[in-house]
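One structure is given here, and the rest of the page talks about it.
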Amino acid sequence: MMHARRVTGRRQFLKGSVAVVAGLGAWRAQPARAAEVQLSTPCMEKLGWQLSVQLYTYRRFPLFEAMEKVAALGIRHIEPLTGLQVDAKRPGLLANEDLPPEVRKELKARLADRGMLLPTIFANFTGKQDQAKRLFDFCKEMGTGIIVAEPPADTLDLIEKLCDEYRINVAFHNHARGQSPYWKPELVLAACRNRSPRMGGCSDAGQWARSGLDPVESLRKMKGRIISFHLKDIAKRNDPDSRNTVFGEGEGEFARVLKELKRLGYRGITAIDFEHDTPALQEDMARNVAFVEGQAKHLLAESE
């Protein structure tokens, strides 16, 4: 996260993912059908990098509003956070396993209208078997194939069983040093050792750089266990509290990281996780998209 307090903020989002159903209001008719998203990243698609947005990026907006901002960027995939508010008019609704059936239906309809998908979700595991099973049930219903999380060590046996039962992957995310039990590749690999191939990493090279690790070398260590990838650049290396920068403007060796990602043959969800929220957020996000697509175009040209 951008600062220590920002890390706590995201974790508070997750820990606050409890059912609050008061004030849901009556079912409302769907708005007129929205235009489907026109992809803005054809070169990324050719590399097999399906661009998504981790919605902590748009945390001051409820999910339904954040979706529209992502669609405006020409991106079809979203990665909600399970502590994220769904609708400003119904403040008790959170994007987690306690979402009522009628709102799940509404969310699926909104996604379908725009040709958008929800392939990954950043979630919290409480350690309780019932909560974990309901989370997997929710993901199955939403068509979500990857749960991004930093699960407690004592939940891994249960998670492995559910991964294989539901055919859903769990990707261990690495927050920065001192902020995560999975901050370096060795810790993710140790958690996954001798376990289902459905368990691996949501590799965040920007967080590795914050932790003082070489992001390219860290990627190489994760070869064969990278399930999803977070895109992040940072202002200062070896500083766990360093803020994000627009891609290519920081010390995260962003272009070098993307080149290595291609060399490793990674194909899958590649999510922008941009934490530097300012009034220029949408403009910054457009610059982020343009940078990654430009790098993808360059990498394709190199391979021709």
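Tell me which helices (runs of 4 or more DSSP H) are completely within region 81-178 and hold 1 or more residues being under 18 Å from GLU65 (Cα atoms) and in contact (Cβ under 8 Å) with a residue 12 or more places away in the chain, or say none if there are none. The qualifying helices (runs of 4 or more DSSP H) are 101-114. With respect to the conditions (1) buried (at least 23 other Cβ atoms within 10 Å of the Cβ); (2) within 13 Å of the chain's Cα centre (by Cα), ASN96 lacks only one, and its number is (2). With respect to (1) of a type in the set (Lys, Arg); (2) under 22 Å from PRO119 (Cβ atoms); (3) exposed (fewer than 15 other Cβ atoms within 10 Å of the Cβ), the lone exception for ARG193 is condition (2). Filtering region 223-243 to residues that are among the polar types (S, T, N, Q) and farther than 21 Å from ALA296 by Cα leaves ASN238, SER242.
Scanning for something aromatic (Phe, Trp, Tyr), open to solvent by 30 Å² or more (accessible area, probe 1.4 Å) and touching a Lys or Arg at 6+ places or on another chain (Cβ under 9 Å), does region 116-123 turn up at least one residue? No, because not a single residue in region 116-123 is aromatic (Phe, Trp, Tyr), open to solvent by 30 Å² or more (accessible area, probe 1.4 Å) and touching a Lys or Arg at 6+ places or on another chain (Cβ under 9 Å).
The values are calculated or read from the model by the stated rules, or taken from the named source; none is laboratory data. Computed from a prediction, not measured in an experiment: that's the story for all the values here. As a convention, Cβ positions derive from the backbone with ideal geometry for all residues, glycine included, and neighbour counts pool all protein chains shown. Remember, those area values only see protein heavy atoms, side chains included, never the ligands or the DNA or RNA. Shrake-Rupley method; radii C 1.70, N 1.55, O 1.52, S 1.80 Å.
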